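Here the structure comes first, spelled out in structure tokens, and everything after it is commentary.
The values are calculated or read from the model by the stated rules, or taken from the named source; none is laboratory data. If you're wondering where the values come from, they're calculated on a predicted model, not measured in any experiment. Here Cβ is always computed from backbone atoms with ideal geometry, including for glycine, and neighbour counts include all displayed protein chains. Surface accessibility is based on the protein's heavy atoms, side chains included, excluding ligands, DNA and RNA. Shrake-Rupley method; radii C 1.70, N 1.55, O 1.52, S 1.80 Å.
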Amino acid sequence: MTTTAMEMGAVQRRSFQEVYVISIGHALTHWYPATFYLLLPLIGKELGLSYGQIGSILTCQYAAGAIANIPGGVFVDTVGRKGLLMAISLCWIGFPYLVMGLSHAYWMILVCATFVGIGNNLWHPTAIPWLADRFPDRKGLAMSFHGMGANVGDAVAPLVMGLMLQSFNWRSVVVMNVIPGIVVAGIILVYVGRLQMADLRAGLVKFKPAKLGGAERMRMLASLLRNRALVTLSIGAGFRSMTQAALLTFLPVYLARVMGYPSLWIGACLFALQAAGFVAAPIAGYLSDKIGRRQIIMSSMSMTGVVILAMAFAGGTSWFVLLVAILGFFLFAVRAVLQAWLLDATPPGMGGSAIGILFGTQALGAAIGPISAGIVADHYGIMSAFYFLAGTIIIANLMVFVTPAGLVEKSPKPFHSTQ
């Protein structure tokens, strides 16, 4: 008991610096897709793509993620080399964008987007359970700071790309964009390795992942899929991601083609969307630790639907741009809270698999969203896509409503490690 108390005290004394460093890496995993959203109108114009074809590029990326996420989560739980896996993820995401910048064929753009979707899967099942294990009593807050990293990458990247596109063509920008990912990957690899050695010296790591066979891994995965809280939260998150992915795909297209904004102003609008989410994330994370996950998620999703409907009515006016920033506050506030709630309901030692299921479902929703909204826009006009998105966020909210309020019973843990 004394040893356990000492270990818990060490966990509670851990500096939030760990969260900040990992959040920087998370920012880079979102930096690359965020730059691509700004480049999509330019790529579509150069290659003569329809709305449906533009949407299909993002669909390939998210479909690959949907297929690879669950095996990726199981792989992370099995390997356990968190620092190495996070570094590989950063490098893997950046390289396909480099190839994309050198390509002139639509099919090659689709192939590169597919590889981005696969590489991105390594980050979340690795980083999110790792942070949750290290900060069990401040899980919502830790997840929110990690989510803020995503908002920073999503917000700053379009602004920087908008400025760079004033001096360089989009292909040159993509090539230069690979350098930050390589640098941060090296920093994280060294930093996490030092943390692991420090924990070993302090006696905080006493168990290593058990060598489990394929049948045992499948049994554990099947038990997760019978977890009602995990299933309903994952489906709700999938519809929320459908909304987000389609919005980020066609908001720049709408601003460019309908409102006639240049790349710099489009980047500024996307910055406002993400900056509002950056402000909202720690507020939502802190409140979810205090008053509960469900209340925060349902109120934020409800407001998201209301704002999207208001955007549809305000299309073509200056109010549309103002509503974009308001939308970001509510749309991105719940991302980290969903992850924290899911891990609350996950047995120990299975966090990577659970996050793999969550992000697999989100990737499936994100794959369906852009191409569905693109087809709707091709037939009924681009503004109709925003009505479609209001419907998807309502469905997401309904799934959260039917999620069990309490934590599920924990199954016997096959292993435990703070790493």
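Heavy atoms only, probe 1.4 angstrom, no DNA, RNA or ligands counted: give me Cys91, Cys269 ranked by accessible area, highest first.
Values: Cys91 60, Cys269 10 Å².
Sorted by accessible area, descending: Cys91, Cys269.
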- Dividing the alpha-carbon Rg of the chain by 2.2 N^0.38 Å yields what? 0.95
- Among Gly149, Met303, Thr392, the residue whose Cα sits farthest towards the positive end of the charge dipole of the chain, when +1 is placed on the Cβ of each Lys and Arg and -1 on the Cβ of each Asp and Glu, is Gly149
- Determine the per residue accessible area of the range 42-197 with all protein chains present and a 1.4 angstrom probe, expressed in square angstrom. 37 Å²
- Using a 1.4 Å probe on heavy atoms of the protein chains only, the accessible area for Tyr387 in Å², nearest 10, reads 100 Å²
- Find which of Thr29, Leu39, Leu273 sits farthest along the positive direction of the dipole of the chain, computed with +1 on the beta-carbon of Lys and Arg, -1 on that of Asp and Glu, about the Cα centre. Thr29
- Point-to-point label distance, Asn169-Tyr20, nm (Cα→Cβ direction, 7 Å offset): 4.2 nm
- Collect residues whose amide H, placed 1.01 Å from N in the peptide plane, falls under 5 Å from the amide H of Tyr261; neighbours closer than 5 in sequence don't count. Ala256
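Report the full-extension gain for the segment Tyr106 to Ala314: residue separation times 0.36 nm, less the Cα-Cα distance, to one decimal in nm.
71.5 nm
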- Query: How much area per residue is accessible in the range 328-405 when the probe is 1.4 Å and only protein heavy atoms are counted (Å²)?
  - Reply: 29 Å²
- Message: Of the candidates Lys139, Lys290, Lys82, which one comes out as most mobile in a Gaussian network treatment of the chain with C-alpha springs shorter than 10 Å?
- Response: Lys290
- Message: Please list, in order along the range 111-123, the HN-Hα scalar couplings obtained from phi with the Karplus expression 6.51 cos²θ - 1.76 cosθ + 1.60 (θ = phi - 60°), rounded to whole Hz, x for Gly and Pro.
- Response: 5, 5, 4, 5, 5, 4, x, 6, x, 5, 5, 6, 5
- Query: In sequence order, what are the phi-derived ³J(HN,Hα) couplings for the range 256-273 according to the Karplus relation 6.51 cos²θ - 1.76 cosθ + 1.60 with θ = phi - 60°, rounded to whole Hz, with x for glycine and proline?
  - Reply: 7, 8, 9, 8, x, 6, x, 4, 4, 6, 5, x, 5, 5, 5, 5, 4, 4
- Using alpha carbon centroids, what distance separates the range 265-340 and the range 117-147, in Å? 20 Å
- Work out the charge dipole of the chain with +1 on the Cβ of Lys and Arg and -1 on the Cβ of Asp and Glu about the Cα centre, then indicate which of Ala284, Trp341, Leu221 is farthest towards its positive end. Leu221
- Note on the structure: Residue-normalised 222 nm signal for the chain, counting each DSSP H run of n ≥ 4 as -39,500 (n - 2.57), nearest 500 deg cm²/dmol, is -28000 deg cm²/dmol
- Task: Rounded to whole Hz and in sequence order, give me ³J(HN,Hα) for the range 86-101 from the Karplus expression 6.51 cos²θ - 1.76 cosθ + 1.60, θ = phi - 60°, writing x for Gly and Pro.
- Result: 5, 5, 4, 4, 4, 5, 5, 5, x, 4, x, 5, 4, 5, 4, x
- Message: Sorting check: for 379-386, 32-39, 301-308, 242-249, which peptide has the highest mean count of neighbouring beta carbons within 10 Å, and how do the rest follow?
- Response: 242-249, 32-39, 301-308, 379-386
- Query: So between Ser299 and Val190, what do we pick up on full extension, going 0.36 nm a residue minus the alpha carbon distance?
  - Reply: 35.2 nm
- The percentage of the accessible area of the range 279-369 (probe 1.4 Å, all protein chains present) made up of carbon and sulfur atoms, to the nearest whole number, is 75 percent
- Dipole magnitude of the chain about its Cα centre (Cβ charges: Lys, Arg +1; Asp, Glu -1), debye to nearest 20: 860 debye
- Report the label-to-label distance for Asp378 and Thr78 in nanometres (one decimal), using points 7 Å from each Cα along the Cα→Cβ vector. 3.9 nm
- Run the quick spin-label model on Val231 and Val306: label points 7 Å from Cα toward the beta carbon, then report their separation in nm to one decimal. 3.3 nm
- Task: Please give the FRET efficiency for Val258 paired with Lys290, using the beta carbon to beta carbon distance and R0 = 30 Å, rounded to the nearest 0.05.
- Result: 0.10
- Query: Of all the accessible heavy-atom surface of the range 15-118, with the other protein chains kept in place and a 1.4 Å probe, what percent is carbon and sulfur?
  - Reply: 75 percent
